[in-house]
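Let me begin by presenting the structure, written as structure tokens, before commenting on it.
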């Protein structure tokens, strides 16, 4: 598949990709309940005649077997939305499409990810005779809440995967830019969901109760000191405490108090240390206050960092300029959000690219998970060009 053919196919499918993005945007569903979204994607897979299998209830894995020996390449997009309202305007005015569900919207860009992968799928199928190896199109459900990753990994485990590529639109990067830097790109995450259990009673006699509110408050102070003195000063592990809940009445000591939050990190070892500190400090603080402590299943390392393979990133930087306008390849700072794509990169060498969507004239640039978030549709061809070039270049030479 020549560079000219890649550019031709991208131009031919530009309107199709935009239409797909808008359709998926309107359907917006939270994982793992993306029933309408999955049905639409399945209809597009059937339209081009590819075999596919379900990955869980709503995830989909389509397979293009060229019939010729070559590498096995996985391409991944996520399909779920967020349980939050969408403002009918972006930062510049009315947006081009709005979710049909007022309580659910694509405020992270997964609609764009799926649309670009559908367009790339159509282009690769149209050029099947010029390709070699096998391409796996992974439409992952429930990325936001972690409900689909295990199903997709299980589906892929039956196959030999040589490399994987994913693209995430990025509101902090200028539209028209794409970043394929090597190394850690997105943070790993650990959850904090801790319940301190005391003994409720009348507020006038705290001595007859065991007050979990004081325990929870003391825990936060102890945790901050432990982090400052135990986390490696050369590493970044952010401690984000977002909620402390205990009691609702002024004269009633509650039975329990809950603390919620998360950690973010780029070094797995240090992230695991942070998760251990969370538990140890909670246990010792609870003992000081004669409370018990309960940890939810989320109080642990949930995801490792997204770390791009050095060789795959180098190849991407080398070949993508052949089809992209001059100056498109850019660097970007590490992103402290977390992503299930790191799970794939723990198993397969690959690249997770950041595609810039910050365009004040269009009205895009609001941060992810914000009601004003919007995708600059003008950048969708860049994602498709990059996907097609990475795939075909890997077919030709692999990563050397």
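Residues in region 142-164 that are more than 14 Å from residue 108 (Cα to Cα) and either outside any helix (DSSP H, G or I) or outside the structural domain of residue 385 (by TED's automatic domain parsing) (or both): how many?
Within region 142-164, the first condition is being more than 14 Å from residue 108 (Cα to Cα), and the residues that meet it are 146-164.
When the remaining residues are screened for being either outside any helix (DSSP H, G or I) or outside the structural domain of residue 385 (by TED's automatic domain parsing) (or both), the result is 146-148, 157-164.
Counting residues in region 142-164 that are more than 14 Å from residue 108 (Cα to Cα) and either outside any helix (DSSP H, G or I) or outside the structural domain of residue 385 (by TED's automatic domain parsing) (or both) gives 11.
Regarding residue 377, is this residue at pLDDT 95 or above and more than 30 Å from residue 246 (Cα to Cα)? Full working, then the answer.
Values: at pLDDT 95 or above: yes; more than 30 Å from residue 246 (Cα to Cα): yes.
Yes, satisfied.
So how many residues does region 1-31 have that are at pLDDT below 95 and closer than 19 Å to residue 151 by Cβ?
0
Tell me which residues, restricted to region 17-35, are over 27 Å from residue 388 (Cα atoms) and either in contact with a strand residue (DSSP E or B) (Cβ under 7 Å, 6 or more places away or on another chain) or surrounded by fewer than 23 Cβ atoms within 10 Å (Cβ to Cβ) (or both). Steps first, please.
Our first condition is that a residue be over 27 Å from residue 388 (Cα atoms); within region 17-35, this holds for 29-33, 35.
Passing the criteria: 29, 30, 32, 33, 35.
Would you confirm, using the coordinates I've provided, whether residue 175 is modelled with pLDDT of 95 or more and surrounded by fewer than 20 Cβ atoms within 10 Å (Cβ to Cβ)? Don't jump to the end; show me each part of the working.
Details: modelled with pLDDT of 95 or more: yes; surrounded by fewer than 20 Cβ atoms within 10 Å (Cβ to Cβ): no.
No; evaluated as a whole, the condition is false for this residue.
Kindly indicate whether residue 51 is modelled with pLDDT of 95 or more, over 17 Å from residue 152 (Cα atoms) and either touching a strand residue (DSSP E or B) at 6+ places or on another chain (Cβ under 9 Å) or assigned by TED's automatic domain parsing to the domain that holds residue 388 (or both).
Taking the combined requirement at face value, the residue does not satisfy it.
Just one of (1) more than 23 Å from residue 311 (Cβ to Cβ); (2) in contact with a strand residue (DSSP E or B) (Cβ under 8 Å, 6 or more places away or on another chain); (3) in a helix (DSSP H, G or I) trips up residue 381, so point out which.
(2)
Have a look at 240, 274, 246 and point out the one that is closer than 12 Å to residue 223 by Cα and crowded, with 20+ Cβ neighbours inside 10 Å.
Going through 240, 274, 246 in turn, just one is closer than 12 Å to residue 223 by Cα and crowded, with 20+ Cβ neighbours inside 10 Å: 274.
When you go through 329, 357 one by one, which is the residue that is out of contact with any strand residue (DSSP E or B) (no Cβ under 6 Å at 6 or more places or on another chain) and within 19 Å of residue 180 (Cβ to Cβ)?
Numbers: 357 fails: out of contact with any strand residue (DSSP E or B) (no Cβ under 6 Å at 6 or more places or on another chain).
The unique qualifying residue is 329.
For the list (1) closer than 22 Å to residue 230 by Cβ; (2) in contact with a helix residue (DSSP H, G or I) (Cβ under 9 Å, 6 or more places away or on another chain); (3) surrounded by 15 or more Cβ atoms within 10 Å (Cβ to Cβ), I need the number of the one condition that residue 280 fails.
Every listed condition holds for residue 280 apart from (3).
The values are calculated or read from the model by the stated rules, or taken from the named source; none is laboratory data. Here the structure is a predicted model, which means the values were calculated and not measured. Virtual Cβ from ideal backbone geometry, glycine too; neighbours counted across all protein chains shown.
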